[in-house]
Amino acid sequence: MDTEFRFLEQLEKDLQVAAARQRAFEAAPLSERRRRRARSSSAPHRSATWGTIAASIAILLVVAGAIGGLSQVGRDGGGALSAAFDAAEAPAGSPTSAPRGGRVKDLAGFDTSAPGIGYFAESQSPGGSGPAVPGQDLTKIVRDGAITIVVPVDGFGESFDRTTAIANDAGGFVLSSSISQERQGTLVLRVPAAELDGAVVRLRELGRLAELSLSGRDVTAEYIDLRSRLGVLKTQRDLILELLNEATTVSGTLGLSNRYTTVQTQIERLQGSLNVINDQVDLATLTVTLREDGVTAPIENDDVRSPSLGSAWDRAQQGFFSVIAAVVVGLGYLIPLLALACVVLLVRGGIMRRRAAS
Amino acid sequence: MMPSTGDEPGAIGRLGGRGRRVDERTDTQLLLASRTDPGAFTALYRRHAEALLRYFARRTLDPEAAAELTAETFAQAFASRATYRDEGVDGVGWLYGVARHQLGRFFRSGRVDADARRKLGMPERPVPPEDFDRIEELVDFEPIREALVEVLAELPDRQRDALQLRVLEGREYPEVARALSCTEVNARQRVSRGLRTLALALQERGLALATEAD
């Protein structure tokens, strides 16, 4: 090339080399061409392409997670509110749904005006074969529950007193109570099990129901087992006493005496356990949280007070699946949008190509 | 500058030097022939390389960017020559279409692509020092001197000083290097970067370079 520019001369040589390479490539057999083509997509270029793809996927997942997370937050908030609203608005005896977080989530058919009948009463029936008969000797159910009531502004003090009165009227008592800033507080009530449902109905009249959970734990089997063992031990004790009366040697008396002490200790321990069960069965435990309207619910975080590896692992699992769920939800939002964007880009590309051709 | 159609053989560039036989085919014919005979593309290159370098130099003001854009444009044209159709746009028009595309990308990103050269296995070569001055001579700064002074104030100190000495005062590179207390290579780099920044700034301000009229 006849030019003053060395750069252009060099460029011409480079182009000639590229042309020669192309000629050689075209002259090569098909298999060789494929091999070279595969090789020509150089590693840095490949890695750059893969890097771009990986980055795009990562961004897509992050965006999907964010969208999914936001949508879940919105749904949870709305769900809790609507559930609370439903629970508060539903008339007594009508089917309603418990708010999220309650241990008894399905209160369908729960008739608070008829204690002992409905879901809870049915759960008392071993095997669920029919309603339990209240007062049946061997049926032992430990009932407890938690209720959160949002009371009107400046109505906390009055509601607190009325809660105490409700416990007393039901034949129970306030086991413990705590108040925070005179606008919210918690009372732990012990009321006779048969009066629990009536107490809940009266508590609901204090304000707007925010949360309610009731549960029953069947301890009949444990109770019967304890009673049987107690019976056996008492028989043993009586037998030992008889033998002790008939004992004639010092060593025999001492041995039987020791044996008697051991059995008697076991009897007292079992009796104590039976007393505890009877107490729990007789008196239900109801945790009542009163909160003035507008006061934010306290965050219960037992893990902070007593951290443990087990709870940390549980929380990690929950977090893991929450993130996955959020990403899946977000992808549900994004995929139709991405498909639409692809269609738009394809149409745009077609128009551009047509314009370029024209 | 609207390039010549080049459909008249030998219309651009000094061809036939060093005893080489003049290729009398038109640009369109060369481009079409290069599909099956890559060597025909070399003839097209010889015909238009210098003009294209001038085209880029007058628009980028930067010798380095102009040289790179020339290389990338020819590489891109060579790589996609099979897509050329003789449907109203002649060969040189198509070539300058590729050039305009590259120039647009340069003004948008501030850097010259090297994708086509990489694809063809062509090395990215630095501009030889002696070419620097020659490429700069292709640029006529006179019509844009006023705009230059205005934009110059916005440049970083080192680039501004280099441009002041080289472009406005017209000093040679050895002298610029002495004034800036740096090597000649560094002085060229500063001028090059300054010119590139300048061209981009002018482009952003919508100031059409006077050389566009060429």
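Between B:R100, B:R178, which is open to solvent by 80 Å² or more (accessible area, probe 1.4 Å), under 26 Å from A:Q10 (Cα atoms) and either without any contact (Cβ under 8 Å) to a residue 12 or more places away in the chain or in contact with a helix residue (DSSP H, G or I) (Cβ under 9 Å, 6 or more places away or on another chain) (or both)?
That would be B:R100, the only listed residue that is open to solvent by 80 Å² or more (accessible area, probe 1.4 Å), under 26 Å from A:Q10 (Cα atoms) and either without any contact (Cβ under 8 Å) to a residue 12 or more places away in the chain or in contact with a helix residue (DSSP H, G or I) (Cβ under 9 Å, 6 or more places away or on another chain) (or both).
Applying the selection to region B:117-127, what residues are over 10 Å from B:A67 (Cα atoms) and either open to solvent by less than 40 Å² (accessible area, probe 1.4 Å) or more than 9 Å from chain A (Cβ to nearest Cβ) (or both)?
B:R117, B:L120, B:M122, B:E124
Could you count how many residues in region B:37-62 are in a loop (DSSP other than H, G, I, E, B), closer than 17 Å to A:A19 by Cα and open to solvent by less than 10 Å² (accessible area, probe 1.4 Å)?
Qualifying residue count, region B:37-62: 1.
Scan region A:13-36 and report the pairs whose first residue is within 14 Å of chain B (Cβ to nearest Cβ) and whose second residue is modelled with pLDDT under 70, with Cβ atoms within less than 7 Å and a gap of 6+ or a chain change.
Once the first residue is within 14 Å of chain B (Cβ to nearest Cβ) and sits in region A:13-36, its partners that are modelled with pLDDT under 70 give A:F25/A:R33; A:F25/A:R36.
Does B:T70 count as at pLDDT 90 or above and within 19 Å of B:S192 (Cα to Cα)?
Here the answer is yes, as B:T70 does meet what is asked.
For (1) more than 14 Å from every other protein chain (Cβ to nearest Cβ); (2) open to solvent by 40 Å² or more (accessible area, probe 1.4 Å), each residue gets a yes or a no:
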| site | (1), (2) |
| --- | --- |
| B:E64 | no, yes |
| B:Q76 | no, yes |
| B:G110 | yes, no |
| B:D115 | no, yes |
| B:E130 | no, yes |
| B:V149 | yes, yes |
| B:L155 | yes, no |
| B:A162 | yes, no |
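Determine whether B:R105 is in a helix (DSSP H, G or I) and either away from chain A (no Cβ under 11 Å) or surrounded by fewer than 16 Cβ atoms within 10 Å (Cβ to Cβ) (or both).
yes
Taking the stated definitions as given, is A:L340 open to solvent by 80 Å² or more (accessible area, probe 1.4 Å) and in a helix (DSSP H, G or I)?
yes
For region A:265-280, indicate whether the set of residues that are away from every other protein chain (no Cβ under 14 Å), loosely packed, with under 11 Cβ neighbours inside 10 Å and at pLDDT below 85 is non-empty.
For region A:265-280, residues away from every other protein chain (no Cβ under 14 Å), loosely packed, with under 11 Cβ neighbours inside 10 Å and at pLDDT below 85: absent.
Say whether the condition of being modelled with pLDDT of 90 or more and within 16 Å of the chain's Cα centre (by Cα) is met by at least one residue in region B:78-93.
no
Test each condition in (1) at pLDDT below 85; (2) within 21 Å of B:L202 (Cα to Cα); (3) in a helix (DSSP H, G or I) for B:D140 and report the one that comes out false.
It fails just one condition, (3).
Please count how many residues of region B:1-52 are of a type in the set (S, T, Y) and modelled with pLDDT of 85 or more.
5
Among A:R217, A:R190, which is the only one that is part of a strand (DSSP E or B), within 25 Å of A:L270 (Cβ to Cβ) and open to solvent by less than 30 Å² (accessible area, probe 1.4 Å)?
Going through A:R217, A:R190 in turn, just one is part of a strand (DSSP E or B), within 25 Å of A:L270 (Cβ to Cβ) and open to solvent by less than 30 Å² (accessible area, probe 1.4 Å): A:R190.
Among the residues of region B:181-203 satisfying the criterion of being of a type in the set (S, T, Y) and over 12 Å from B:F132 (Cβ atoms), which is most open to solvent (accessible area, probe 1.4 Å)?
Once the filter is applied, the top-ranked residue is B:S181.
The values are calculated or read from the model by the stated rules, or taken from the named source; none is laboratory data. All figures in this text were calculated on a predicted structure; none of them were measured in a lab. Note that each Cβ is placed from the backbone with ideal geometry, even for glycine, and that neighbours are counted across all protein chains shown. Accessible surface areas use protein heavy atoms only, side chains included; no ligands, DNA or RNA. Shrake-Rupley method; radii C 1.70, N 1.55, O 1.52, S 1.80 Å.
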